[in-house]
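Report on the following structure.
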Amino acid sequence: FALLVLFVLSLLSPIQQARAFKSSIPNPRLPKQVHFSQSISIAMQSQAQATAATATTSTAGLMAATAEGESSMNGEAPTTKQADPPNWLVVTEAEIKDGSALVTLTKRVEWSQESYKEALEWYDQLVKCNDTYMAEDIQAALKQLHDAYRLYGPTLGVIGSFNGGKDACVILELIRAAHANYHREQIQIQADSDSSGGKGLPIIYRPRVVYWDKEGEFEEVSDFAKQNVDRYDLDMVAFEKGIAFMDGLKVVVDSHKTPLAFVLGTRSSDPNARGQGLWEPSSGFMPPFMRVNPILNWNYGKVWQFLRSYPVPICHLYQEGYTSLGTVHDTTPNPALFVPALDGNDNDNDNGDSAQEAGVVGRYRGAWMLLDYDQERAGRISKAKKAKSKAKSTAPAIAAKNQERNSAASSVTTNLSTMSKTATTPNEVTLSEVPEESPSYQKYTVMPSDGDVSYGSDSVTQRSVGLLIIGDEILKGYTADTNSKEAALAMGIENVLLKRIVVVSDNLEEICEEINRMQKQVDVIVTSGGVGPTHDDVTIKSVAAALNCDLILNEEMAQLLRDKMGTDDDLTDAQIKMATLPSISKLRYLSLDESDWPVLQCRNVFILPGVPEYFAAKIQNVAAYLSCQLKRSTGYKVVLSADENSLVSQLNQVVKRHPKVSFGSYPFVNQPNQKTVITVEASLVPSSLGTVKRNSRIFDLADMEPCKEDMDLYVQKALDDLIATLPPHCVVRVDVDDMLLF
């Protein structure tokens with residue numbers, strides 16, 4: 001054995017000799033046959049790699065490999081093709097037929113201490129996540145995986161599916177964290193009980209994952225999968241092309257003498273997820289195993305929130321506009337992510353924009369920029385379309401990659417910002433015309449998806465409003481309720497549907513309960529009463545509780561109070577109470593009179609005073625505002641990982657370039673992975689009118705922008721410019737939130 005190893009080592013470069021020799025050192029905790037096969041396999045693979053590349057591995061080559069690994073963390077393209085790592089075990093059809101594959105799959109190799117410790121640190125980081133958007137889901141997924149290890153065993157019982165896709169990346173990160181933590185707990189249990197009898201600590205084997213190579217696989221995907229197997233020191237079972245999924249699955253199951261848990265990246269929105277649960281036994285026609293679906297209830301946005309919030313490597317195809325990866329024959333960049341160029345500028349952008357190559361002026365945003373999660377698979381070509389296309393064409397079945405991507409947007413003329421909500425046939429999309437006064441937005445071509453539905457101005461529906469009257473004096477008959485009549489008249493004049501009126505007492509729990517009930521029945525809630533400084537004025541506190549947000553001193557309101565009082569002195573206790581508002585508050589300046597108080601808005605709740613004279617004036621402004629909202633462009637919310645103070649310069653530049661668009665910037669509190677949210681919405685008035693306030697304007701309603709199509713273009717152009725201007729890699733996600741931007 002020693003002579004054979006020395007002979008092999010003599011053929012290698014010094015660096016490879018060191019690596020192979022280190023791998024050949026017997027480990028007393030592993031069976032001897034594993035040491036022998038492991039050492040020979042690594043040595044021979046190292047020799048083959050050296051012969052195929054160069055006689056020696058230079059320092060520059062090692063640096064290039066390191067840089068390549070770092071680039072995949074950001075979704076950037078690697079520069080060279082990835083060779084099979086030593087722990088990438090390819091299973092051939094011949095091995096399946098002669099039964100040797102079963103023997104091979106029973107062998108396991110110890111996990112490196114470096115990878116084990118790194119995974120432990122990663123687990124500890126995940127369990128400390130305090131991101132309210134995904135913390136509970138991460139905890140639930142880790143608990144389910146811990147149960148899988150506890151029930152099925154860590155050595156052979158739990159195996160993960162890793163095909164390089166976004167969902168598989170989430171699963172892989174969760175598996176390696178749970179794998180390490182389970183072993184840590186077992187080591188601690190053994191140490192506490194001292195029941196080892198001197199046999200030493202249990203062996204920690206590599207996490208095992210499985211991969212099916214397929215015809216037409218993206219080279220970038222297979223290279224990325226190999227990089228991750230090498231990066232995390234995984235045990236990969238890779239079935240070569242041509243091996244059917246069912247045949248490979250049978251080999252995996254048969255190689256396990258105990259029940260098998262198969263961890264999958266299935267989500268409820270997937271076509272094959274119908275009826276599945278978090279724990280789902282395999283179908284009757286499959287070998288027996290348990291499906292484990294830790295992210296079944298995650299939506300598309302949550303997947304990208306996870307991948308963008310942590311330094312998790314992703315395949316760079318997602319930066320080029322791909323949102324769902326199949327093969328090169330049936331996958332194109334998602335047309336929903338295509339944006340036309342800004343003034344002819346189609347440069348790449350680190351926040352997820354990739355230049356279009358087909359002579360079309362524009363680019364694709366990164367996958368995490370997708371706004372309509374239902375369009376996740378819009379870049380996938382259905383089998384029916386593929387068959388129809390094949391029947392009409394004599395072109396080769398496998399086109400060159402560049403031709404594949406250049407034809408990704410080749411069949412339908414459309415416009416990003418002016419699509420009409422029209423059900424379409426598979427080969428056409430009905431569109432509105434681009435306004436002549438906006439020549440910078442060119443028409444461009446995209447590939448439609450099955451059931452492609454677009455949204456625009458003719459899809460607007462009438463909003464419904466609920467009025468919540470708050471006050472014991474109304475219920476006790478001390479004061480007549482005139483505000484309901486004023487609200488009904490004002491809403492009627494502005495063609496806004498007043499759907500419900502409810503009266504409640506000055507009781508926090510009752511107000512919260514009614515707000516929660518109304519949220520399910522109407523689009524907008526208007527409250528009346530309970531906003532003064534006295535003890536029984538609990539409306540603002542109730543709204544904060546109902547919307548699950550904190551009460552903070554609102555600096556804008558505090559300064560407004562000082563201005564009204566004509567003093568810079570400290571606020572009184574009563575004024576401090578009036579300036580203490582929900583953290584999500586916006587002050588809407590809806591009156592022509594600059595001396596009027598603003599209207600307080602918290603998401604879809606507008607808080608008005610109960611005094612009839614004041615309420616009558618405010619409800620008219622709110623009704624007009626809500627009526628105007630029906631003609632407004634869709635708003636966007638851009639969630640960032642960068643601190644608000646670091647964005648001031650860039651944001652000011654974008655604001656200056658887009659005077660017809662309103663921007664808002666808000667810091668997140670106690671959210672380490674989400675630090676800032678920027679809102680983008682159409683201004684109600686041209687920039688030359690009104691007095692600019694934070695998040696709002698004082699304006700004449702007659703000066704409002706009349707054309708939603710124009711405003712759609714202004715907002716879309718501003719959003720694209722904002723993303724291009726922001727610091728690299730700081731965009732976590734982009735949401736469409738209509739009127740409710742925070």
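The set of residues from segment 129-149 being more than 14 Å from W298 (Cβ to Cβ), in contact with a helix residue (DSSP H, G or I) (Cβ under 7 Å, 6 or more places away or on another chain) and surrounded by fewer than 19 Cβ atoms within 10 Å (Cβ to Cβ) comprises just one member, H146. Of all residues in segment 131-149, at least one satisfies being under 25 Å from L260 (Cα atoms) and in contact with a Lys or Arg (Cβ under 8 Å, 6 or more places away or on another chain). Kindly indicate the residue of segment 597-614 that is of a type in the set (A, V, I, L, M) and without any contact (Cβ under 8 Å) to a residue 60 or more places away in the chain and also most open to solvent (accessible area, probe 1.4 Å) among those meeting that condition. Selected residue: V611. The test for being closer than 17 Å to I470 by Cβ and open to solvent by 30 Å² or more (accessible area, probe 1.4 Å) does not hold for V526. Considering segment 498-523, and only residues there that are over 38 Å from the mean Cα position of the chain (by Cα) and not aliphatic (A, V, I, L, M), the residue that is most open to solvent (accessible area, probe 1.4 Å) turns out to be N507. Taking (1) under 22 Å from A623 (Cβ atoms); (2) buried (at least 16 other Cβ atoms within 10 Å of the Cβ) in turn, K577 satisfies each apart from (1). Yes or no: L592 in contact (Cβ under 8 Å) with a residue 24 or more places away in the chain and open to solvent by 70 Å² or more (accessible area, probe 1.4 Å)? Considered against the rule, which asks whether it is in contact (Cβ under 8 Å) with a residue 24 or more places away in the chain and open to solvent by 70 Å² or more (accessible area, probe 1.4 Å), L592 comes out as yes. With the checklist (1) more than 23 Å from H179 (Cβ to Cβ); (2) touching an Asp or Glu at 6+ places or on another chain (Cβ under 6 Å) in hand, flag the one item G265 doesn't pass. With (1) more than 23 Å from H179 (Cβ to Cβ); (2) touching an Asp or Glu at 6+ places or on another chain (Cβ under 6 Å) applied to G265, the lone miss is (1). Looking only at segment 615-628, decide whether some residue is free of Cβ contacts under 8 Å to residues at least 60 places away in the same chain and open to solvent by 70 Å² or more (accessible area, probe 1.4 Å). Checked against the condition, which is being free of Cβ contacts under 8 Å to residues at least 60 places away in the same chain and open to solvent by 70 Å² or more (accessible area, probe 1.4 Å), segment 615-628 yields no hits at all.
The values are calculated or read from the model by the stated rules, or taken from the named source; none is laboratory data. Note that the coordinates shown come from a computational prediction; the quantities given were computed from them, not determined experimentally. Counting neighbours? That spans all protein chains shown, and the Cβs are built from the backbone with ideal geometry, glycine included. What goes into the accessible areas is simple: the full protein's heavy atoms, side chains included, and nothing from ligands, DNA or RNA. Shrake-Rupley method; radii C 1.70, N 1.55, O 1.52, S 1.80 Å.
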